[in-house]
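Student: Could you have a look at this structure, given as structure tokens, before my questions?
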Amino acid sequence: PEESKSSAAYLASFADNAYREIAELLDTAPETRIVVVITPDPEELNGYYTPYPFPKIVLYEAAIDPNENLGSFQDDLYKLFYHELTHAVSLGIRGKLQNALVKVFGSPLGLSNYLAPLSFVEGVTVSFESRDGFGRAADPLAAGIIRQDILEGNFKTWEQAAGAWDGYPYGSYYIYGGYFSAYLQERFGMEAYADVWKRIGTGMVFKPLRKGLFSQ
């Protein structure tokens, strides 16, 4: 829309560099052009990435509520796009056969869409958005929620943090996942962290079948 023309121009000034940066962090390479839609219609800053039927990022251009969990962003449009682009890159890591199928039938065929738990899907995005010190994995408010859970004996299990928890605080997979991914990156290094995404995306789940079922 005409109202988003200047935002689209600003986005175009950094989008390709952000794409290359995220791909490098996950030890992959930009594979495809991604459609980005900017709309001023909603009243609150947000956005989403969808692989259906092909990769697309939608950004809601609106005022940010400083009391919401996105209030830790220091550059709203940049961070919002960076977060959603990280989804596109991480969930787009696939093997050669998958890539061939995706080019014909669409990106929903990627295994990461089905194998990665929500705490990991959102964990990589929240941790990456926070690498410069601004984001939910560097936000005292988010850290305070985790500390409060520890003090109250309500620390979330892996299953709860992966999306099974539906009570307050909502969306714990963003906060727990973000801090967990940031910890993995710091403790074991980005190369090892990227390898986990490769194992998810290239179908490592099927490799045990090679022993016993199809071979001696």
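Student: Can you list residue pairs whose Cβ atoms sit under 7 Å apart, with the first residue in the range 55-68 being within 19 Å of Gly92 (Cα to Cα) and the second being open to solvent by 60 Å² or more (accessible area, probe 1.4 Å) and of a type in the set (Ser, Thr, Tyr)? Count only pairs 6 or more apart in sequence or on different chains.
Tutor: Pro55/Thr32; Val58/Tyr48
Student: Quick one: count up the residues across the range 137-176 that are in contact with an Asp or Glu (Cβ under 7 Å, 6 or more places away or on another chain) and in contact (Cβ under 8 Å) with a residue 40 or more places away in the chain.
Tutor: Here is the first cut: in the range 137-176, the ones in contact with an Asp or Glu (Cβ under 7 Å, 6 or more places away or on another chain) are 155-156, 173-174.
In the following step, the residues that additionally are in contact (Cβ under 8 Å) with a residue 40 or more places away in the chain were identified as 173-174.
Selection size over the range 137-176: 2.
Student: Residues being without any contact (Cβ under 8 Å) to a residue 24 or more places away in the chain and in contact with a helix residue (DSSP H, G or I) (Cβ under 8 Å, 6 or more places away or on another chain): count how many of those fall in the range 105-136.
Tutor: 1
Student: Condition first: of a type in the set (Val, Ile, Thr), in contact with a Gly (Cβ under 8 Å, 6 or more places away or on another chain) and open to solvent by less than 30 Å² (accessible area, probe 1.4 Å). Now tell me which residues in the range 46-75 satisfy that. Full working, then the answer.
Tutor: Of the range 46-75, the ones of a type in the set (Val, Ile, Thr) are 50, 57-58, 64.
Next, only the ones that are in contact with a Gly (Cβ under 8 Å, 6 or more places away or on another chain) stay: 57-58, 64.
Once the filter is applied, which keeps residues that are of a type in the set (Val, Ile, Thr), in contact with a Gly (Cβ under 8 Å, 6 or more places away or on another chain) and open to solvent by less than 30 Å² (accessible area, probe 1.4 Å), the range 46-75 yields Ile57, Val58.
Student: Determine which member of the set Ala8, Ala18 is over 25 Å from Leu118 (Cα atoms) and either open to solvent by 70 Å² or more (accessible area, probe 1.4 Å) or of a type outside the set (D, E, K, R) (or both).
Tutor: On the way: Ala18 fails: over 25 Å from Leu118 (Cα atoms).
On inspection, the qualifying residue turns out to be Ala8.
Student: Mind checking which pairs have a first residue in the range 187-216 that is under 18 Å from Lys96 (Cα atoms) and open to solvent by less than 90 Å² (accessible area, probe 1.4 Å) and a second that is of a type outside the set (A, V, I, L, M) and modelled with pLDDT of 90 or more, Cβ under 7 Å, 6 or more apart or different chains?
Tutor: Partner pairs satisfying both residue conditions: Ala194/Asp27; Trp197/Ser90.
Student: Any chance you could count how many residues in the range 167-186 are at pLDDT 85 or above and loosely packed, with under 12 Cβ neighbours inside 10 Å?
Tutor: Within the range 167-186, the first condition is being at pLDDT 85 or above, and the residues that meet it are 172-186.
Narrowing the set further to residues that are loosely packed, with under 12 Cβ neighbours inside 10 Å leaves 186.
Residues flagged as at pLDDT 85 or above and loosely packed, with under 12 Cβ neighbours inside 10 Å within the range 167-186 amount to 1.
Student: Select from the range 83-104 the residues that are assigned to a helix (DSSP H, G or I) and touching a residue at least 12 places away in the same chain (Cβ under 8 Å) and list them in ascending order. Talk me through it step by step, then tell me what you get.
Tutor: Pass one, the range 83-104, residues assigned to a helix (DSSP H, G or I): 83-90, 96-104.
Matches in the range 83-104: His83, Glu84, Leu85, Thr86, His87, Ala88, Val89, Ser90, Gln98, Asn99.
Student: If you scan the range 106-137, which residues turn out to be modelled with pLDDT of 90 or more, part of a helix (DSSP H, G or I), open to solvent by less than 10 Å² (accessible area, probe 1.4 Å) and not charged (D, E, K, R)?
Tutor: Within the range 106-137, Ser119, Gly123, Val124, Thr125, Val126, Ser127, Phe128 meet the criteria.
Student: Please go through (1) closer than 28 Å to Ser7 by Cβ; (2) open to solvent by 30 Å² or more (accessible area, probe 1.4 Å); (3) without any contact (Cβ under 8 Å) to a residue 40 or more places away in the chain; (4) of a type outside the set (A, V, I, L, M) for Tyr78 and return the number of the only condition it doesn't satisfy.
Tutor: (3)
Student: Related question: All but one of (1) out of contact with any Lys or Arg (no Cβ under 7 Å at 6 or more places or on another chain); (2) aliphatic (A, V, I, L, M); (3) surrounded by fewer than 16 Cβ atoms within 10 Å (Cβ to Cβ) hold for Val35; state the number of the condition that does not hold.
Tutor: Checking Val35 against (1) out of contact with any Lys or Arg (no Cβ under 7 Å at 6 or more places or on another chain); (2) aliphatic (A, V, I, L, M); (3) surrounded by fewer than 16 Cβ atoms within 10 Å (Cβ to Cβ), the one that fails is (1).
Student: Sort out which residues of the range 189-216 are at pLDDT below 85 and part of a helix (DSSP H, G or I), and write them in order of number.
Tutor: Those that are at pLDDT below 85 and part of a helix (DSSP H, G or I): Met204, Val205, Phe206, Lys207, Pro208, Leu209, Arg210.
Student: Check Lys156 against each of (1) at pLDDT 90 or above; (2) surrounded by fewer than 16 Cβ atoms within 10 Å (Cβ to Cβ); (3) more than 17 Å from Leu115 (Cβ to Cβ) and name the one condition it does not meet.
Tutor: Of everything listed in (1) at pLDDT 90 or above; (2) surrounded by fewer than 16 Cβ atoms within 10 Å (Cβ to Cβ); (3) more than 17 Å from Leu115 (Cβ to Cβ), Lys156 misses just condition (2).
The values are calculated or read from the model by the stated rules, or taken from the named source; none is laboratory data. All values reported here derive from a predicted model rather than from experimental measurement. We place every Cβ from the backbone using ideal geometry, glycine too, and count neighbours over all the protein chains shown. The accessibility values were calculated without ligands, DNA or RNA, using every heavy atom of the protein model including side chains. Shrake-Rupley method; radii C 1.70, N 1.55, O 1.52, S 1.80 Å.
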